[in-house]
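Just below is one structure, and these are the notes that go with it.
The values are calculated or read from the model by the stated rules, or taken from the named source; none is laboratory data. Quick caveat, the model's predicted, so the values are computed rather than measured. Glycine also receives a Cβ, built like all others from the backbone with ideal geometry; neighbour counts cover every protein chain displayed.
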Amino acid sequence: MNAEELILNIAVNMGRLSKWAMEGKTQRIRQFIYDTETYLNQLENVHKSEKFKSTYTTFKRKFEQLKNSTPNEIWADEALTWANILTHRAKLA
């Protein structure tokens, strides 16, 4: 997969994570955090444009924070915000 495809996959996962956080489905959250990490690891080895690198760096930092915190409404809002940001910026990758 290229960078744009990986980013869109991550964006979809972030949207799902947001939904499941609001529904309290912690098992699904763990599964999709793992899947998202897999995409991030793949993205690490794919060429990314200079225009996208700051978004990528910021997202990785925020994803680590989310991964290590307890899902709640604020967590869900952060995940959904990143789903939207990544969807819009995937073409820059």
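Quick check on this structure: which one of 91, 62, 19 is in contact with an Asp or Glu (Cβ under 9 Å, 6 or more places away or on another chain) and modelled with pLDDT of 95 or more?
Unique residue meeting the criteria: 62.
Just checking, how many residues over region 60-93 are of a type in the set (Val, Ile, Thr) and in contact with a helix residue (DSSP H, G or I) (Cβ under 8 Å, 6 or more places away or on another chain)?
Of the residues in that region, 2 qualify.
Taking only pairs six or more apart or across chains, which ones have beta-carbon atoms under 8 Å, a first residue in region 79-93 that is over 12 Å from residue 62 (Cα atoms), and a second residue that is assigned to a loop (DSSP other than H, G, I, E, B)?
Close Cβ pairs satisfying both conditions: 92/49; 93/2; 93/48; 93/49.
Since residue 56 meets every condition but one in (1) surrounded by 19 or more Cβ atoms within 10 Å (Cβ to Cβ); (2) in contact with a helix residue (DSSP H, G or I) (Cβ under 6 Å, 6 or more places away or on another chain); (3) not acidic (Asp, Glu), which condition does it not meet?
Single failed check for residue 56: (2).
In region 44-56, what residues are of a type outside the set (Lys, Arg) and over 26 Å from residue 26 (Cα atoms)?
Passing the criteria: 44, 45, 46, 47, 49, 50, 52, 54, 55.
Here's a check for you: in region 72-93, which residue that is buried (at least 16 other Cβ atoms within 10 Å of the Cβ) and charged (D, E, K, R) is nearest to residue 44 (Cα to Cα)?
It comes out as 89.
Pick out the one residue from 44, 4, 73 that is in contact (Cβ under 8 Å) with a residue 60 or more places away in the chain and either out of contact with any Ser or Thr (no Cβ under 9 Å at 6 or more places or on another chain) or of a type in the set (Gly, Ala, Ser) (or both).
From the options 44, 4, 73, the qualifying one is 4.
Are any of the residues in region 25-33 in contact (Cβ under 8 Å) with a residue 24 or more places away in the chain, surrounded by 14 or more Cβ atoms within 10 Å (Cβ to Cβ), under 13 Å from the mean Cα position of the chain (by Cα) and under 28 Å from residue 73 (Cβ atoms)?
Yes, because at least one residue in region 25-33 is in contact (Cβ under 8 Å) with a residue 24 or more places away in the chain, surrounded by 14 or more Cβ atoms within 10 Å (Cβ to Cβ), under 13 Å from the mean Cα position of the chain (by Cα) and under 28 Å from residue 73 (Cβ atoms).
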